[in-house]
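The values are calculated or read from the model by the stated rules, or taken from the named source; none is laboratory data. No experiment lies behind these values; they were computed from the predicted model shown. Reconstructed Cβ throughout: ideal geometry from the backbone, glycine too, with neighbour counts over all protein chains shown. What goes into the accessible areas is simple: the full protein's heavy atoms, side chains included, and nothing from ligands, DNA or RNA. Shrake-Rupley method; radii C 1.70, N 1.55, O 1.52, S 1.80 Å.
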Amino acid sequence: MTSAAATEQERSAERQRDPGPGGEGGPRPPGVTPVPLMELTTGFWRFKVLAAGVELGLFTLLERLGGAGAERIRTELGLPARPARMLLACCTALGLLERLPAPDGAARYRNSPLAAAFLVEGRPHYFGGFVGYSDRYGYPGWGRLTEALHADRPTTWDPDAQESAFVTADPAVLEGFWGAMFTLSSFTAAALGEAYDFTAHRRLLDVGGGAGAFPVSLCRRYPHLRATVLDLPRVAAMARAKAAELGLAESIGAADGDFLRDAELPPGHDVILLSMILHDWDEGTCRRLLEKCWAALPPGGAVVICELVLDDDECGPAPAALMGLNMLVETRAGHNWTYAEYARWLTAAGFGPMTVLPLDAAGANAALVARKECAAAVNPA
């Protein structure tokens, strides 16, 4: 047998061992297909279906009508028949709508429980504001991810021309964003209230607490608890208004301040909450804020950090890793930090050992708790 014939025989045997798609040869581990890559590649399709449904008011319309047929829906939304059919099919496939067959074949559509709870405007837990904000600002910013990776700077806003992403944001979109953040934080707060017992605490300081979702949830669960939201004046006003609206003005107050620039945090609290705050900043800022927490707490007081925390090997979980990358797109120096980094910073600030309480919530996968010890704070390099 000639050398050329032997080589062709070897190639034929390899093709038989692993024929590949269409009989083509090539190394391919058993069971490995491009399906996961297809799902990753087309992931934005799902988001844009959701965003289009919210922008069109589809879910609010269906709630008002109590369900409707495709013809009524497309007429109300002003859509041609072909794209309306496609949109309804996608929303149904994604679990946002339910299709109800009819004897005459003219199916009706109604909101799924998920859409009815979170995508109908005017509902207490409306989440469409975050969808709209993400579509308007986050989606284009992520479209420039490679640019952000090269430049190490946000792409959702211009840090050379403005102080933050919210300075030039559409006020209506921003209002929807804050409303959705209240919803997201409410569910995370409920998980925290189950995981950590606030019975021994009397006064809670929620640093950067926004409209006060955590104090609302925690003060309802622990009626003896009194809380203060510390935030910028316009945001603190939102917290006061929300507390009054919910009949919690006696339990929840708000202090105007800037936790980054103020030399001290308000005193008189025995537990300080940092929820979804530290991922917005660089290490130096995070450490300085923890030092302020230590200084403001009495001996035995506790700091509670709620975040999507990265595993120490930085292999996951995916929500924490992706949120970290979102901080590249949306902040100057934000990062999602690891358990080891938080533990080291807490120790350096003077706190005792860190306790990890797992959380199952969209806004946080863990609550990190540490208590102030009596010794003076230390700050090793």
For the chain, the accessible surface attributable to carbon and sulfur atoms (probe 1.4 angstrom, ligands and nucleic acids excluded) amounts in percent to 58
Placing each pseudo-label 7 Å from Cα in the direction of the beta carbon, GLU175 and ARG261 end up separated by a distance in nanometres of 2.7
Output ordering of 46-54, 176-184, 203-211 (per-residue mean of other Cβ within 10 Å, highest first) is 203-211, 176-184, 46-54
Excluding residues fewer than 8 positions from LYS292 in its own chain, the lysines with Cα under 25 Å of it are LYS372
Taking a crude spin-label model, label points 7 Å out from Cα along the C-beta direction, the LEU145 to ALA321 distance in nm is 1.1
Computed about the Cα centre, the charge dipole of the range 93-233 from +1 Lys/Arg and -1 Asp/Glu charges at the Cβ has a magnitude in debye, to the nearest 20, of 660
Against the 2.2 N^0.38 Å rule of thumb, the C-alpha Rg of the range 260-375 sits at a ratio of 1.02
Which of [x] 23.9; [y] 21.4; [z] 25.6 gives Kirkwood radius over Cα pairs in Å as computed here? It is [x]
Eigenvalues of the alpha-carbon gyration tensor of the range 220-298, times 5 and square-rooted, give semi-axes in Å, largest first, of 23, 15, 11
Sorting TYR133, LEU204, VAL49 by the position of each Cα along the dipole of the chain (Lys, Arg +1; Asp, Glu -1; all at Cβ), the one nearest the positive end of that ordering is VAL49
Amide H neighbours of LEU310 at under 5 Å, excluding residues fewer than 5 places away on the same chain, with H built from the backbone geometry, are TRP337, THR338, TYR339
Gyration tensor (Cα only) of the range 55-145 to equivalent ellipsoid, semi-axes in Å sorted down, yields 25, 16, 11
Residues meeting the amide H criterion for GLU121 (H placed from the backbone, H to H distance under 5 Å, 5 or more places apart or on another chain) are THR60
To the nearest 20 debye, the chain has a Cα-centred charge dipole, built from +1 on Lys and Arg Cβ and -1 on Asp and Glu Cβ, of 1020
Under the 7 Å Cα-to-Cβ spin-label approximation, LYS48 and ALA249 lie apart by a distance in nanometres of 4.8
Dividing the helical contributions, -39500 (n - 2.57) per DSSP H run of n ≥ 4, by the residues of the chain yields a 222 nm value, nearest 500 deg cm²/dmol, of -13500 deg cm²/dmol
For the chain, percent of DSSP beta bridges that are antiparallel (nearest 5) comes out at 45
Averaged per residue, the 1.4 Å probe accessible area of the range 65-175, protein heavy atoms only, in Å², is roughly 59
The answer for the range 222-347, accessible area per residue at 1.4 Å probe in Å², is 42
In whole Hz, the Karplus estimates of ³J(HN,Hα) for the range 73-82 (6.51, -1.76, 1.60; θ = phi - 60°; x where Gly or Pro) are 5, 5, 5, 5, 8, x, 10, x, 5, 5
Of all C-alpha pairs within the range 158-222, those more than 14 angstrom apart amount in percent to 65
Once phi for every residue in the range 106-115 is put through the Karplus expression 6.51 cos²θ - 1.76 cosθ + 1.60 (θ = phi - 60°), the whole-Hz ³J(HN,Hα) values, with Gly and Pro written as x, are 8, 5, 10, 10, 9, 5, 6, x, 5, 5
Across SER275, SER186, SER112, the residue with the highest GNM fluctuation in the chain (Cα network, 10 Å cutoff) is SER112
The answer for ALA254, listing residues at least 5 apart or on another chain whose modeled amide H is closer than 5 Å to its amide H, is VAL229
In a Gaussian network model of the chain with springs linking alpha carbons closer than 10 Å, the residue among GLU245, GLU147, GLU283 that fluctuates most is GLU245
HN-Hα couplings for the range 208-224 via Karplus (6.51, -1.76, 1.60; θ = phi - 60°), in whole Hz with x for Gly/Pro, come out as x, x, x, 7, x, 4, 5, x, 4, 5, 6, 5, 5, 6, 10, x, 6
